[in-house]
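Asks: Got a structure here, written out as structure tokens. Questions coming.
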Amino acid sequence: VKDRNSIICKKIEHSIENIEIKNNFPFEVSFGEYRFTFSRKSDVNTKYIPRTKRTVWLKYDTLKFPLTLRIWKAGDKLQPFGMKGSKKVSDILTDQKVSPTKKRVYPVLVSGNTIIWIPGINISQECAINELTRDVIEISF
């Protein structure tokens, strides 16, 4: 695979299975090279939630269980936080300069039929927390 200015020879992993996340927390799972930890927190003061690229906080009452952790597919879209329209996941990954080798197996989190999180990159406007949110799912990877 050509990766910008280099040629990389690497075995491509294609056998990563979709993982269902039921409403049963805490929950830990490995997905490809990533390890995810899910936990539910109630009565949270969202003013004091730490903001990091490795942890996301999603509004619990907007989620449709079971959630699905899977590799993104061609045509997948996300309505990024702070944006009115949607954007293709492939374009988001390219904009974030995710290498072609990682891009092929990059995970997304799905609620119902809606992509709600691209780990380390963006969440959906639909499940973003605000100052009134008290019940959240915390996901770290």
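Asks: Restricting attention to the range 96-107, and to residues there that are touching a residue at least 60 places away in the same chain (Cβ under 8 Å) and assigned to a helix (DSSP H, G or I), which single residue is surrounded by the most Cβ atoms within 10 Å (Cβ to Cβ)?
Replies: Among them, the one singled out is Thr101.
Asks: Scan the range 108-117 and tell me whether some residue there is part of a strand (DSSP E or B), open to solvent by 40 Å² or more (accessible area, probe 1.4 Å) and closer than 26 Å to Tyr48 by Cα.
Replies: no
Asks: Since Leu93 meets every condition but one in (1) under 16 Å from the mean Cα position of the chain (by Cα); (2) assigned to a loop (DSSP other than H, G, I, E, B); (3) modelled with pLDDT of 95 or more, which condition does it not meet?
Replies: (2)
Asks: Restricting to the range 40-56, give me the number of residues that are exposed (fewer than 10 other Cβ atoms within 10 Å of the Cβ) and either under 12 Å from Thr133 (Cβ atoms) or in contact with a Cys (Cβ under 6 Å, 6 or more places away or on another chain) (or both).
Replies: Number of matching residues: 4.
Asks: Go through (1) open to solvent by 70 Å² or more (accessible area, probe 1.4 Å); (2) charged (D, E, K, R); (3) out of contact with any Pro (no Cβ under 9 Å at 6 or more places or on another chain) one by one and return the number of the condition Lys59 breaks.
Replies: (1)
The values are calculated or read from the model by the stated rules, or taken from the named source; none is laboratory data. All values reported here derive from a predicted model rather than from experimental measurement. All Cβ positions, even for glycine, are placed from backbone atoms using ideal geometry, and neighbour counts span all protein chains on display. With ligands, DNA and RNA removed, areas are computed over all heavy atoms of the protein, side chains included. Shrake-Rupley method; radii C 1.70, N 1.55, O 1.52, S 1.80 Å.
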